Structure formats: C-alpha cells, structure tokens
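Read through the structure below, which is laid out as structure tokens, and then see the notes.
The values are calculated or read from the model by the stated rules, or taken from the named source; none is laboratory data. Predicted, not measured: the structure shown is a model, and the values here were computed from it. All Cβ positions, even for glycine, are placed from backbone atoms using ideal geometry, and neighbour counts span all protein chains on display.
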Amino acid sequence: MATFTGTSMARCVLVTGAVFVITASMVSTAAAQSRREMQMMADLRMLQEQNQQMQNALVQLGEALKAINGRLDEQGNVTRKAFADQKLIVDQFASDLRIVRERVDETNVRLTSLSQELEALRLAIPQYPPPTAMSTDPSADPNAGIAPPGAVTGDPAPSSGLPAPQPTGSSSTGMSPQRLFDTARSDHGLGQWALCVQGFDTYLRTFPRNDAADDAQFYIGECQYSDGKFTEAIDAYNRVVANYPRGDRVPDAYYKRGLAFERLNQPDRARESHEGAVKNFPDSDAARLSKQRLDALSRAKPPG
C-alpha cells in the first residue's frame, strides 16, 4: 500500500510538472504571439502613415502638374500667336516680293520695247552725207584727215583692208563712238543678231581705227555665230586675226573660229584654228579652251 502510494505521488508529481511545463510553454507562446501582434500593429500603423504621406505627396504633385500644364498651355498660346504673326509677316513679304518681281518683269518688257522703238527710230532717221569740210587740226580726232568712203585720192588703199572712216568724231547717225558701240552691245545682249551686226558694222565703217574696233569685229562674229551663220562668223573671225593682229581679241577669234568649223563638220580646219590659238597665245584662256577642244577632236577622230 505504501509502495503504491509512493508511485502514485510520483506520477502526480510528473503529471503536475508536465502540466506546468505545458502551461509555461503556452504562456510563453501567447506572450511571443502577443509581441508579434504588437509588432505587426506597429508596422501597420507605420505603413498607414507612409501611405498617408504618399497620398499627400500625390496631391501636391497633381497640383504642381496642373500648374505646369497651365503654364505650358499659356506658353503654347503665346508660341502659336507668335508663329501666326510670323507667318503673316512672311506671307506679306512674299506678296510684296511677288509684286516687286512682277513690276521688274514689266519694267524689263517696257525697256525692251523702248529699246526696239529707239532702234526703229534710229533706223528711220534719214542718213545725211557728212560735211566735206575737214578739221584744220588733224590731231583733234584720230579719224580726221582720212577720206570718206568712195572718195578718190592719190594714194592707194591701205593694205590692211580696213574701211575708210568718217571725217568727223561721230557716226552718220550723230552718235559718239562709245554710244554706238554700247547700242550694238545692247542689241547683242537682247539677241537682236541682225541689229547687232548692223550696229557693229556701222561702227567699223565709221571708226575703224578706234581702240574698240577689234572688239566690234569680234562681236560681229559672235552675233553671226549665235544666229547660226557659221560661215559668216568664220569670215568675221578671220578679219579679227588679219586686221587686228595685236588686238586682245585675236586668241578668242582663233578659238571661236575653231568652234565654227566644228559646227560646219570640218574637223581638220577646226583643229588648225585651235592649234593656232595654242601655238600663238599659249598663256591665254582661249588657248586652254582650244586644248580641250583638241583633246575632244582627237578622241572623236575615227581610227585610221
């Protein structure tokens, strides 16, 4: 009986200890769980505060964006207005420029018409014979003392082939040498080839010894070349070479004469004229151009 009682008490002690341990464990677990809950609550409150701060920041950012959008809209309106004003100015300028261009074209047409009318009037003026009285001072005019065309003198005609000049310092039309030359140059610029040839021919017959005589003879060839009269142009260029050997137009006459022979399909004579420019005037622009034409003629020459 005593043994049983001792054993029972031992068991009771063990059971009581186990219960205590379980209870202590449960209490410890509850305490740990309570601490975790408290930590979670603290974290939750912190997240709520951060969320509130973010919402406040978003509200502020939205207001800032609204302000920026307002300023951008205002700036866009100003820019659009500036572009509209600029476009209006450009359109106005273009309109003014178009008007000026139309007026310039109209003025050019009027100038051309006036030039043609003046030339018609010049040709309509009757040609009076020059006075027979000669100036007492032969040095007063470079053309003085030379017999007019058709006059019979005791001296033979000059070997240069130049036409006899008028005895006065102006042409039979009453124009000065420079004015007569400029008028013919104007006809050349306007493409009036026949009038150009007529004007320079009048200049040569009136002022054959003027400094610009070689230019006048060369321009006769230029007008005839531009008019497609290549044979006549070659004759004019030949006169430049023969009558004005020291003139500054001689190299150009060699070159243009070669081009005229090329147009007439006479390559041998064209090559001869270009070689004359290269040989006699090697440092001139005409010589460089003639070299190019000689190269082209050599390439175009058929084999054999």
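Key figures
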{"read-out": "Tally of residues being in a helix (DSSP H, G or I) and either surrounded by fewer than 23 Cβ atoms within 10 Å (Cβ to Cβ) or within 33 Å of the chain's Cα centre (by Cα) (or both) across region 181-203", "value": "16"}
{"read-out": "Contacts under 8 angstrom Cβ, first residue in region 266-280 being over 9 Å from Tyr254 (Cβ atoms), partner outside any helix (DSSP H, G or I), 6 or more apart", "value": "Pro267/Lys301"}
{"read-out": "Unique match (being assigned to a helix (DSSP H, G or I) and free of Cβ contacts under 8 Å to residues at least 60 places away in the same chain) among Arg239, Arg299", "value": "Arg299"}
{"read-out": "Residue within region 261-274 that is assigned to a loop (DSSP other than H, G, I, E, B), surrounded by 19 or more Cβ atoms within 10 Å (Cβ to Cβ) and either modelled with pLDDT under 95 or in contact with a helix residue (DSSP H, G or I) (Cβ under 8 Å, 6 or more places away or on another chain) (or both) present", "value": "no"}
{"read-out": "Condition check for Ala216: buried (at least 19 other Cβ atoms within 10 Å of the Cβ), free of Cβ contacts under 8 Å to residues at least 40 places away in the same chain, more than 17 Å from Val278 (Cα to Cα) and not polar (S, T, N, Q)", "value": "yes"}
{"read-out": "Residue match in region 243-255 (condition: touching a Lys or Arg at 6+ places or on another chain (Cβ under 6 Å), at pLDDT 90 or above and closer than 23 Å to Leu289 by Cα)", "value": "no"}
{"read-out": "Pair list, Cβ under 6 Å, 6 or more apart: region 183-198 residue over 13 Å from Gln224 (Cα atoms), other residue aromatic (Phe, Trp, Tyr) and not in a loop (DSSP other than H, G, I, E, B)", "value": "Ala184/Phe200"}
